[in-house]
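Everything on this sheet refers to the single structure shown next.
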Amino acid sequence: MSATDSIETGAGAVQLSGSSTAFSPDHPAPVIEPPRTRTKRTPRASRTNFEMYGWLFMRLSGVVLVVLVLGHLLIQLVLDGGVSKVGFAFVAGRWASPFWQGWDLTMLWLAMLHGGNGLRTVINDYAERPNTRFWLKTLLFTATAFTIILGTLVIFTFDPNIR
Amino acid sequence: MSTPTLEKHSSALDAAEDSASHLITVTLRIRRFNPEVSDEAVWVDYLLDIDPKERVLDALHKVKWEMDGTLTFRRSCAHGVCGSDAMRINGRNRLACKTLIKDLNPDKPITVEPIKGLTVLKDLIVDMDPFFQAYRDVMPFLITKGNEPTRERLQSPEDRARFDDTTKCILCAACTSACPVFWNDGQYFGPAAIVNAHRFIFDSRDEGGEQRLEILNDKDGVWRCRTTFNCTDACPRGIEVTKAIQEVKRALITRRF
Amino acid sequence: MPAGTLYRGREGMWSWVAHRVTGVLIFFFLFVHVLDTALVRVSPEDYDKVVATYKTPIVSLLEYGLVAAILFHALNGLRVIAVDFWSKGPKYQKQMLWTVVGLWVLLMVGAIYPVLGHAARVLWGN
Amino acid sequence: MKIHKYDTVIVGAGGAGMRAAIESTKRSRTAVLTKLYPTRSHTGAAQGGMAAALANVEDDNWEWHTFDTIKGGDYLVDQDAAEILAREAIDAVLDLEKMGLPFNRTPDGTIDQRRFGGHTRNHGEAAVRRACYAADRTGHMILQTLYQNCVKEGVEFFNEFYVLDLLLAEVGGEKRTAGVVAYELATGEIHVFQAKAVIFASGGTGKFFKVTSNAHTLTGDGQAAAFRRGLPLEDMEFFQFHPTGIWRMGILLTEGARGEGGILRNKDGERFMEKYAPVMKDLASRDVVSRAIYTEIREGRGCGPEGDHVYLDLTHLPPEQLDAKLPDITEFARTYLGIEPYTDPIPIQPTAHYAMGGIPTNVQGEVLSDNETVVGGLYAAGEVACVSVHGANRLGTNSLLDINVFGKRAGIAAAEYSATTDYVDLPENPASLVIEQVEGLRNSTGGERVAELRSALQECMDKNVMVFRTEQTIKEAVEEIAHLRERFKNVSVQDKGRRFNTDLLEAIELSNLLDLAEVMAVSALARKESRGGHYREDYPNRDDVNFMRHTMAYREMDSVGNETIRLDYKPVVQTRYQPMERKY
Ligand SMILES: Cc1cc2nc3c(=O)[nH]c(=O)nc-3n(C[C@H](O)[C@H](O)[C@H](O)COP(=O)(O)OP(=O)(O)OC[C@H]3O[C@@H](n4cnc5c(N)ncnc54)[C@H](O)[C@@H]3O)c2cc1C
Ligand code: HEM
Ligand code: SF4
Ligand code: F3S
Ligand code: FES
């Protein structure tokens, strides 16, 4: 909060002209601008359903993730011994089954795509300049793609006999 | 017909008819900005005596008329139907003419500042052009095909009721400027434009729904809404804004409206 | 933009803020989590070493926080979906939010023992 | 200073201005100047309805509507104009419906209609359902629908431009319009709009009263500008006081509330209107009801500790009906009085509502410079104008009708006029008067404050020229106004800036109000009879022999250079209906 001036009841006229600052009717200060404004020149986006599918995907993946993620947490943290049981052997035991492979793979993909798309929204909301937007999104895309690919490889190429 | 109510006066009526004025002292803390004087916005406190049954607009008038004529704000009707005086009072968007002093906490300073997300031009006045531009962009007018009927187009009371809520909009911008998405990205159409598109999309007489939906399918359209309900909370006309937005989203998915 | 006051949103706005913050948190956790799990491809020893650090009390506390974030995000996500697809959703959004918060508190209390129990045992013995 | 050139310039973007703009934009290059964003205009505050003899729900025809209008106006109505109003009403409503206006509907899907004060079947037999409505937001819907169609037609608006002067020129002995001068609020810049045709649609003057349903911005700028340029103002003594304003605030509670069955009661719970209007009761015309209320109050039957108001009782109506038909006004009662209209009666008092008088026009909307001469290219429509369809008292729902019928007529006539004529040369220094006024105020160092003078004026008007008037009260008003005008010379403003200087504009608005209040008082003083909204206790009867004529007030300079008001009179146009005693 900036300085607070105080004027009491009946403090009389406050003449704002002839102030000591460099501003005057002929040299007004710049008005306070919002980050970006919509003008007649604002380009129209191309008409695709991308945003709609993205939005739908967030809800569908969300519902599936509830089962996958909460199930995952339950197993990892609560059932037989909680986190203390986790170790290489535990992982090896789980990924021996294609069911758990499939579970984790789906979870990985859905969560990353869901989270990645969610972060895209966040970037759209807060990154003000188109440039910043672009670079942040590129970064996000790379990180997401990298994580998904890495995770997928790990699940499929996992070798319980690596030792 | 007899009126049982007139005998037993309710306490609310007694209070309403109490003509004695009970002045209390309140501090109005107003965010002032005048680019002719300074490039910085400052908070200024005004101490005034006022009847708590009066509106914040009356308090602003008291300041302007009795203390500081340079205070600048928009207003016209003074009873919540013209949409001129949306501003942020104690941190929330409201119409100054529909907010009574007694409904705020008069012990603490009442803060008054311009609505967010639109350029502040002076004191409480913001640039409304981007707001109206978004409104115009959704084609807010009846679109029909074929010959005009000689008399009125028929519409059943049920069909009329379908879009009643969104016809109440007074374009005050309280909703749009309460929307966190809009604060950060003025490109977003904002709830008010969607409300006005809804008003026509769900009007049984209108045939431009597809086009309007297409416009709102845009990357700056309805999908940016994050259901924060600030718009619904802010709307002085009690429009269920978020509900209207959700109805437009569903209409886009199902293409049924 | 010059300082103004914080917008005093109500339940809807603050639940969204929480949803967004938790979503972003979970995303970054997931990123790290995939990286550490990838260690199983590199060497079991390293993997076990990293996982062992997960078993320290401090990380358990963080884990509890993570569970809190995921649970809130998941429950509130379901609320958002209800607002989106149920025609009465917008009307009952506040009630649904308080239900979400209630459920969340219950579940978090329930999660104290399973998640923090291990840490407690490490710290104070059985 | 900037100069713009348009075929047609419309001043005001309320119902009348935008209805005109829709027609005129199709036919000529048109600019609409408005001191408010169009959707902020006070047409949006209108609640009850818009009259048209559609006969959707009951037998009705436009001739009965004509009769009601003439009788409602206490026979001071120009009957040719009233016929046009009632006849074109039907199309005006249908036009709006086709533009998209969401009227309430009957079960068959046609436009629903309801009762309203003074509208009757078969020349006064019983109340008729003639008002087309959209809940209690009819004006809001009209304003929005017209704005929507302006968007559709691509009407060019200049928002927050205050028109402060009208430019006239003499061409070959004929008075013609050269344009208008406007002040841009955002920058303080002066703009001259050269135009072949100008339509004034700048609304009413209610702000010279304290208790009023009118917006802060209804300050009669249009009337004042025309008057200053030597054009007459017609019937300014006739002002309507609406019976049901929220006590002390003046916020309107529509007559539709009584149309739906609401009842006025005094402190004994008595339905007092039965005494004053045995047939129409609470739905008698507004002047009658307002006087009845004040009579009750004066005779000690008012409600509340001070006995200074009466009740509008809706408690016997089912809550569903209130929610469906009167949602806004019930909310006003909750918001501003904190009472629940389902269970409590609402404290009300008459509120200054509508200016029957204004800039005289003929039925094409052409402005007159005397009893018959037309000013080339100058038009007026809506509350600013006096066609005269409202005579001495406007019927409820006839104004929304007026702005649509005569707005449309003026729009077409002006555009056609500008298509067939050339520009008139601008006078030298076209903006000199405005610059003088603006700079004078900006540089004044006098000690008088606008707000103080304005409240003094409002107090004086409420006290002296409201529902009841006498020679003595009006004289007091005339003196007080003259005194205030003198004090106004010493007025100064605190805000000396250019940007959004509303302080300065409030001063200009006050000067307009002072001018118009004076015209009103002087006109009222001379009318020694009672008719419609003008009630003289010292002359309680209508006097058709001496006063069946319109007042025409002119601003003139006397021999020593002082401004004076000269009164003249104009005959009333009578076609079919002979004046009768007015009973409800
Ligand atoms: C509360 C209320 C309820 C009413 N209810 C009804 C009803 O139910 N039925 C009915 O028939 N009538 C009703 N009336 C009357 C009717 O609404 C008005 O008479 C009518 O709307 C006036 O319309 P208008 O277009 O002439 O003026 P307005 O709508 O007042 O518009 C005036 C326009 O002129 C502009 N303007 C003014 N001065 C200047 C200037 N100097 N420079 C540039 N622009 C200027 C303003 O910006 C505005 O756009 C009601 C009136 C009120 C106050
Ligand atoms: C557990 C089940 C989950 C459900 C039910 C769920 C649901 C949702 C929903 C419905 C949204 C959209 C919100 C909106 O449009 O306003 C969303 C957004 C988001 N989610 Fe999830 N989600 C879940 C898990 C996850 C996970 C695991 C992550 C991280 C990888 C995540 C990260 C995000 C992010 C970053 C957003 C964007 C937030 C925003 O835009 O405000 N979510 N979630
Ligand atoms: S929807 Fe409500 S808040 Fe938004 S502009 Fe319309 S009236 Fe104002
Ligand atoms: S405030 Fe904004 S995010 Fe949606 S619910 Fe309203 S538009
Ligand atoms: S002044 Fe009209 S809405 Fe507040």
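The values are calculated or read from the model by the stated rules, or taken from the named source; none is laboratory data. Just so we're clear, the structure is a prediction, and the values are computed from it rather than from any experiment. Here the Cβ is made from the backbone with ideal geometry for all residues, glycine too, and neighbour counts use every protein chain on show.
Couple of notes before you dig in:
- Only listed residue being within 14 Å of chain D (Cβ to nearest Cβ), farther than 21 Å from D:Val211 by Cα and at pLDDT below 95, chosen from B:Asp18, B:Asp103, B:Asp51: B:Asp103
- Matching residues, the range D:507-556, being of a type in the set (Asp, Glu) and not in a strand (DSSP E or B): D:Glu509, D:Asp515, D:Glu518, D:Glu529, D:Glu537, D:Asp538, D:Asp543, D:Asp544
- Of all residues in the range B:190-211 being more than 10 Å from every other protein chain (Cβ to nearest Cβ) and more than 16 Å from ligand 3 (Cβ to nearest atom), the one that is surrounded by the fewest Cβ atoms within 10 Å (Cβ to Cβ): B:Glu210
Yes or no, residue by residue, for (1) surrounded by fewer than 23 Cβ atoms within 10 Å (Cβ to Cβ); (2) more than 14 Å from the chain's Cα centre (by Cα); (3) within 21 Å of B:Phe189 (Cα to Cα); (4) not assigned by TED's automatic domain parsing to the domain that holds B:Ile239:
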| site | (1), (2), (3), (4) |
| --- | --- |
| B:Gly69 | no, yes, no, yes |
| B:Phe73 | yes, yes, no, yes |
| B:Cys77 | no, no, no, yes |
| B:Gly80 | no, no, no, yes |
| B:Gly83 | no, no, yes, yes |
| B:Lys108 | yes, yes, no, yes |
| B:Lys122 | no, yes, no, yes |
| B:Phe141 | yes, yes, yes, no |
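- Any hit, the range C:52-73, residues being among the polar types (S, T, N, Q), within 11 Å of chain B (Cβ to nearest Cβ), exposed (fewer than 14 other Cβ atoms within 10 Å of the Cβ) and in contact with a helix residue (DSSP H, G or I) (Cβ under 9 Å, 6 or more places away or on another chain): no
- Here C:Leu106 meets each of (1) assigned to a helix (DSSP H, G or I); (2) surrounded by 15 or more Cβ atoms within 10 Å (Cβ to Cβ) with one exception, condition (2).
- Here D:Gly446 meets each of (1) in a loop (DSSP other than H, G, I, E, B); (2) within 23 Å of D:Gln194 (Cβ to Cβ); (3) of a type outside the set (A, V, I, L, M) with one exception, condition (2).
- Checked against the criterion of being away from ligand 3 (no atom under 16 Å from the Cβ), facing another protein chain (nearest Cβ under 7 Å) and over 15 Å from the mean Cα position of the chain (by Cα), the candidates A:Leu79, A:Leu73 yield just one match: A:Leu73.
- Hey, D:Tyr342 free of Cβ contacts under 8 Å to residues at least 60 places away in the same chain and either touching a strand residue (DSSP E or B) at 6+ places or on another chain (Cβ under 9 Å) or within 14 Å of chain B (Cβ to nearest Cβ) (or both) or not: yes
- Residues in the range C:1-39 that are away from ligand 4 (no atom under 16 Å from the Cβ) and touching a Pro at 6+ places or on another chain (Cβ under 9 Å): 2 in all.
- Checking D:Pro107 against (1) facing another protein chain (nearest Cβ under 8 Å); (2) touching a Lys or Arg at 6+ places or on another chain (Cβ under 9 Å); (3) assigned to a loop (DSSP other than H, G, I, E, B), the condition it does not meet: (2)
- Residue-level check: of (1) among the charged types (D, E, K, R); (2) more than 22 Å from D:Tyr336 (Cα to Cα); (3) surrounded by 23 or more Cβ atoms within 10 Å (Cβ to Cβ), B:Arg55 misses just (2).
- The residue list D:Arg271, D:Arg286, D:Arg298, D:Arg248 contains one member that is free of Cβ contacts under 8 Å to residues at least 24 places away in the same chain and either farther than 27 Å from D:Gln321 by Cβ or buried (at least 21 other Cβ atoms within 10 Å of the Cβ) (or both), which is D:Arg298.
- Under the condition of being within 11 Å of ligand 3 (Cβ to nearest atom) and among the polar types (S, T, N, Q), the residues counted in the range B:220-257 number 3.
- Selection of the range B:80-91 for residues being assigned to a loop (DSSP other than H, G, I, E, B) and either more than 14 Å from ligand 3 (Cβ to nearest atom) or more than 12 Å from D:Arg40 (Cα to Cα) (or both) yields B:Asn90, B:Gly91.
- Only one of the numbered conditions (1) within 20 Å of the chain's Cα centre (by Cα); (2) surrounded by 24 or more Cβ atoms within 10 Å (Cβ to Cβ) is not met by D:Lys408, and that is (2).
- The listed residue being within 7 Å of another protein chain (Cβ to nearest Cβ), in a loop (DSSP other than H, G, I, E, B), under 26 Å from C:Trp14 (Cβ atoms) and not basic (Lys, Arg), out of B:Gly117, B:Gly69: B:Gly117
- B:Asp103 being farther than 22 Å from B:Ala178 by Cβ, more than 16 Å from ligand 2 (Cβ to nearest atom) and either surrounded by fewer than 22 Cβ atoms within 10 Å (Cβ to Cβ) or not assigned by TED's automatic domain parsing to the domain that holds B:Cys231 (or both): no
- Look at the range B:12-28: where a residue is outside the structural domain of B:Met67 (by TED's automatic domain parsing) and a partner is assigned to a loop (DSSP other than H, G, I, E, B) and aliphatic (A, V, I, L, M), sitting 6+ places away or on another chain with Cβ atoms under 9 Å, you get B:Ala12/D:Ile339; B:Leu13/D:Ile339; B:Ala15/D:Ile339; B:Ala16/D:Ile339.
- Considered as a group, the residues in the range D:274-318 that are assigned to a loop (DSSP other than H, G, I, E, B) and over 24 Å from D:Pro540 (Cβ atoms) include one that is farthest from the other protein chains (Cβ to nearest Cβ), and that residue is D:Pro318.
- B:Pro35 meets each of the listed conditions (1) crowded, with 23+ Cβ neighbours inside 10 Å; (2) touching a residue at least 12 places away in the same chain (Cβ under 8 Å); (3) of a type outside the set (A, V, I, L, M, F, W, C) apart from (1).
- Residue in the range B:191-201 that is modelled with pLDDT of 95 or more, within 16 Å of ligand 2 (Cβ to nearest atom) and over 23 Å from D:Met99 (Cβ atoms) present: yes
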